[in-house]
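The structure appears right after this line, and notes come after that.
Each reported figure results from applying straightforward, stated rules to the coordinates on display, with no laboratory input. It should be emphasised that the depicted structure is a prediction, and the values quoted were computed from it without experimental measurement. As a convention, Cβ positions derive from the backbone with ideal geometry for all residues, glycine included, and neighbour counts pool all protein chains shown.
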Amino acid sequence: MPATPQNSNMRLFDNGFDNRFARLPPAFYRRIDPTPLAAPYLVSVSNDAAALLDLDAAETHSERFLNMLAGNLVPPGAEPLAMLYAGHQFGTFVPQLGDGRAILLGEIVNAKRERWTLQLKGAGETPFSRTADGRAVLRSTIREYLCSEAMHALGIPTTRALGIAGADEPVYRETPETAAVLLRLAPSHVRFGSFEVFYARQQHENLKLLADHVIEEHFPQCLGTPDAYEQFLIEVVERTARLIAQWQAVGFCHGVMNTDNMSILGLTLDYGPFGFMEAFNPGHICNHSDDQGRYAYENQPYIGLWNCSRLAQALTPLIDAEKCNAALARYEGAFLEKHAALMRAKLGLAQAMEGDDTLVSDLLGLLAEHGTDYTIFFRALSRDSTDAARDLMANRSAFDAWATRYASRLAAESSNDTDRHARMKAVNPKYVLRNHLAQVAIEKAEQHKDFSEIDRLLALLQHPFDEQPDFETYAAPPPDWAKDIAVSCSS
Ligand code: AMP
Ligand code: MG
């Protein structure tokens, strides 16, 4: 037989699966096969994500790929399992959650020697489903799919989404909807809550095994140091802080920052009722189920630290409390440094100077006062003059006063307009996944099985910083009807 070492199909369907998580003790997971979906259809597939597994279009449009996506075909070598975890949900500890509808198939090592874990979300009941049905609805699957790939294109760490399979099987939420399965990719799906569960159960041996597993797989730089666990915690704390700085800078609101939705790798994980900031409002709550506004935009940085504190607490059997506190103390500096750098870049400032923080906070104050669209404003500011940005402000004189300060700040570093505008366009996206854009794609998919808008949005959002003249309307502020879109935990 001819050797085909680069042939990806060999890996995915010919025993190419490994599953290092399945080598951990049985207490870490439950083995469970996906529940098949009758007559599945391909909703969409991301070629960019497929490339991570070296899959070409012929393979991703094959029958067996669709069957794998739908949970109807378990590829040889895969060892499907549901991971155990706990978590703090809206501040309250829930001792057992676990993958109630997600099933880890296993891992594929690609041609670049990267290891990707494949997880089906919505693949049916697991021992952790509690009273729920193990399914995901098409609507929420489309949102997670598009946003994962959009965040990646924005340069924000995230789980990836390979594709969606849909079926006519009804799934009951507030109204009957239909089932879909999302294939999610990440180097690891371990969450803060994966540690919390063993801490709460006082299973310190398991806690240590999990930490060793994660360090060995994902934080090799910590290995062999006398304080490996502490170094690991510092790294997670700093990654989380930097991730949330990126969310704040782009105006992303996660919506459900429970500790079970916090990736140990500092990835954006579990897209539910997320939203991108439109009319700027620091108190914006994107999740209609979040009555208290615990996860409001302006709270995200604090919640990130609170969540890291829960992780640190869970690691106290491995790291003494004083060192845990020292690791947590790194959060604020990491956040502020990253956030300041990102906001400077949004303003096109090449150097850091005194007073930059107030220049930024005063601008955000103006945006809040005027309810200016966050994405549109920064993109307008990236254009040839500040006129386009000025036009977005109701109170022109207040903006003019700020613009005068901005101009002298630019002069202080002898900023070149052409260079600066190019740099600003590369960091201030023109296109983000606004709720109404997703909603149009969802309605076409739900009502007509027309998935073309999903593909159109995917292609658009894979290049968020490019001018795409045919898609000007996709960069516009939300239409009036968008006010009626309510995204909640229901998914
Ligand atoms: P989430 O709010 O999506 O992060 O989910 C919180 C917990 O509820 C996790 O343990 C999920 O696996 C579980 N869960 C959410 N939806 C379902 C569902 N439809 N069926 C089973 N478990 C679910
Ligand atoms: Mg979750």
Taking the stated definitions as given, is Leu233 touching a residue at least 24 places away in the same chain (Cβ under 8 Å), away from ligand 1 (no atom under 16 Å from the Cβ) and crowded, with 24+ Cβ neighbours inside 10 Å?
-> yes
Scan region 336-379 residue by residue and report those that are surrounded by fewer than 16 Cβ atoms within 10 Å (Cβ to Cβ) and touching a strand residue (DSSP E or B) at 6+ places or on another chain (Cβ under 8 Å).
-> Gly371
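Taking the options Glu235, Glu216, Glu230, Glu149, name whichever one is under 21 Å from Ser263 (Cβ atoms), touching a Phe, Trp or Tyr at 6+ places or on another chain (Cβ under 9 Å) and either acidic (Asp, Glu) or not in a helix (DSSP H, G or I) (or both).
Glu235
Conditions tested, residue by residue: (1) within 16 Å of ligand 2 (Cβ to nearest atom); (2) touching a residue at least 12 places away in the same chain (Cβ under 8 Å); (3) farther than 19 Å from Asp373 by Cβ.
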residue: Ala249; (1), (2), (3): no, yes, no
residue: Val256; (1), (2), (3): yes, yes, yes
residue: Phe274; (1), (2), (3): yes, yes, no
residue: Ala279; (1), (2), (3): no, yes, no
residue: Asp291; (1), (2), (3): no, no, yes
residue: Gln300; (1), (2), (3): no, yes, yes
residue: Ile303; (1), (2), (3): yes, yes, yes
Would you confirm whether any residue within region 420-434 is more than 16 Å from ligand 2 (Cβ to nearest atom), within 30 Å of Val360 (Cα to Cα) and free of Cβ contacts under 8 Å to residues at least 24 places away in the same chain?
-> yes
Test: residue in region 382-396 that is away from ligand 1 (no atom under 16 Å from the Cβ), under 30 Å from Ala51 (Cβ atoms) and in contact (Cβ under 8 Å) with a residue 12 or more places away in the chain | yes
Hey, can you tell me all the residues within region 365-404 that are within 17 Å of Arg423 (Cα to Cα) and polar (S, T, N, Q)?
-> Thr375, Ser382, Ser385, Thr386
Scan of region 69-104 for residues that are in contact (Cβ under 8 Å) with a residue 40 or more places away in the chain and more than 16 Å from ligand 1 (Cβ to nearest atom), ordered by number = Leu69, Ala70, Val74, Pro75, Pro76, Gly77, Ala78, Glu79
Name the residues in region 293-316 that are assigned to a helix (DSSP H, G or I) and either over 17 Å from Glu332 (Cβ atoms) or touching a strand residue (DSSP E or B) at 6+ places or on another chain (Cβ under 8 Å) (or both), would you?
-> Tyr297, Gln300, Asn307, Arg310, Gln313, Ala314
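Just for region 268-286: of the residues that are in a strand (DSSP E or B) and away from ligand 1 (no atom under 16 Å from the Cβ), which one is surrounded by the fewest Cβ atoms within 10 Å (Cβ to Cβ)? Break it down into steps so the answer makes sense when it comes.
Residues of region 268-286 that are in a strand (DSSP E or B), as a first pass: 268, 275-276, 279.
Cutting the leftovers down to away from ligand 1 (no atom under 16 Å from the Cβ) gives us 276, 279.
Numbers: Phe276: 22, Ala279: 14.
Looking at residues that are in a strand (DSSP E or B) and away from ligand 1 (no atom under 16 Å from the Cβ), I get Ala279.
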Going by the conditions given, is Ser188 hydroxyl-bearing (Ser, Thr, Tyr) and touching an Asp or Glu at 6+ places or on another chain (Cβ under 7 Å)?
-> yes
